[in-house]
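I have placed the structure first, in the form of structure tokens, so that the comments after it can refer back to it.
The values are calculated or read from the model by the stated rules, or taken from the named source; none is laboratory data. Predicted model, so just to flag it, every value in this text is computed and none were measured. So basically every Cβ, Gly included, is an ideal-geometry build from the backbone, and we count neighbours across all protein chains shown.
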Amino acid sequence: MKTLPFIKMHGLGNDYIYVDCFRSNTAQKIAGADMSALARRVSDRHFGIGSDGLVLIMPSEVADLRMRIFNADGSEAEMCGNAARCIAKYACENGLCGDAMTLETPAGIKQLAVHKQAGKVDVVTVQMGTDLGNPHKVFVIHEPVETFAIYGIEGTNAEWVNVLNRREIRMRVWERGSGETMACGTGACASALETMNQGLTGSEVLVHMPGGDVTVRRDEQGIIYLTGPATEVFRGEYRWED
């Protein structure tokens, strides 16, 4: 029987199981493990813990932290804005980093900054750069996204967007490897950028998703910033047999 300490966190309902690999005993337990299979196990909402995927918080040789993220189907993703915010919250509150940190991802090194209320991290800003990492297909539609029949598109994340005004959009997302989720950080950025590029919105957009709201801003150099909440749900120990 194997045991694995974990933390469950979410960004606007986009929930993942997080494993702190800075703990030497935890890193040893997953060394050599089939992470894709483990991601499928823990993500199962009926027979596992229940989540949109599995995230490893790891040491890095080029940044303060490193992230590996596996979708619910076991596939590995390049980047997740919601997961990055949750990692920043955990790292700051558990002494791994200060209020600002760098995060190594397959999509490059991201800069993170936390914002606190009463000493606790409630909001995090992620400098997403100019490359979101994950592939996206954005559809700007006139039909209400709340009732629109969204669907999966092989090999990509897909977003359906209503433009409400120059500063606000509403979005639903179907994430590659996980299905429809409550929120998607890179999807929010992709949706906001598409409406900016079409001249439908300005350089800062409030993105409404089923799980809540984030703000996406593009500066004069084209760098994208994502700001939104991060929440810890509970901690536990997962046990499994190969």
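Tallying residues that are out of contact with any helix residue (DSSP H, G or I) (no Cβ under 7 Å at 6 or more places or on another chain) and under 20 Å from Pro135 (Cα atoms) within the stretch 216-242 yields 4. Within this structure, Val55 passes the test of being free of Cβ contacts under 8 Å to residues at least 60 places away in the same chain and in contact with a helix residue (DSSP H, G or I) (Cβ under 7 Å, 6 or more places away or on another chain).
Of the strands (runs of 3 or more DSSP E) lying entirely inside the stretch 132-229, the ones with 3 or more residues being at pLDDT 95 or above and either surrounded by fewer than 17 Cβ atoms within 10 Å (Cβ to Cβ) or β-branched (Val, Ile, Thr) (or both) are found at 136-140, 157-165, 168-175, 204-209, 212-218. Considering the conditions (1) buried (at least 23 other Cβ atoms within 10 Å of the Cβ); (2) free of Cβ contacts under 8 Å to residues at least 12 places away in the same chain, Ser24 is excluded by exactly one of them, (1). Mind checking whether some residue in the stretch 103-114 is in a strand (DSSP E or B), closer than 19 Å to Ala39 by Cβ and in contact with a helix residue (DSSP H, G or I) (Cβ under 9 Å, 6 or more places away or on another chain)? Checking the stretch 103-114: at least one residue is in a strand (DSSP E or B), closer than 19 Å to Ala39 by Cβ and in contact with a helix residue (DSSP H, G or I) (Cβ under 9 Å, 6 or more places away or on another chain). Restricting the first member to the stretch 92-105 and to residues that are crowded, with 19+ Cβ neighbours inside 10 Å, and the second to residues that are at pLDDT below 95, the beta-carbon pairs closer than 8 Å and six or more apart or on different chains are Thr105/Glu78; Thr105/Met79; Thr105/Gly133. Applying a threshold of 7 Å to beta carbon distances and a minimum spacing of six or more residues, or different chains, the list of pairs starting in the stretch 164-191 at a residue that is among the basic types (Lys, Arg) and ending at one that is crowded, with 20+ Cβ neighbours inside 10 Å and not in a strand (DSSP E or B) reads Arg166/Thr201; Arg167/Thr201; Arg170/Val145; Arg172/Val145.
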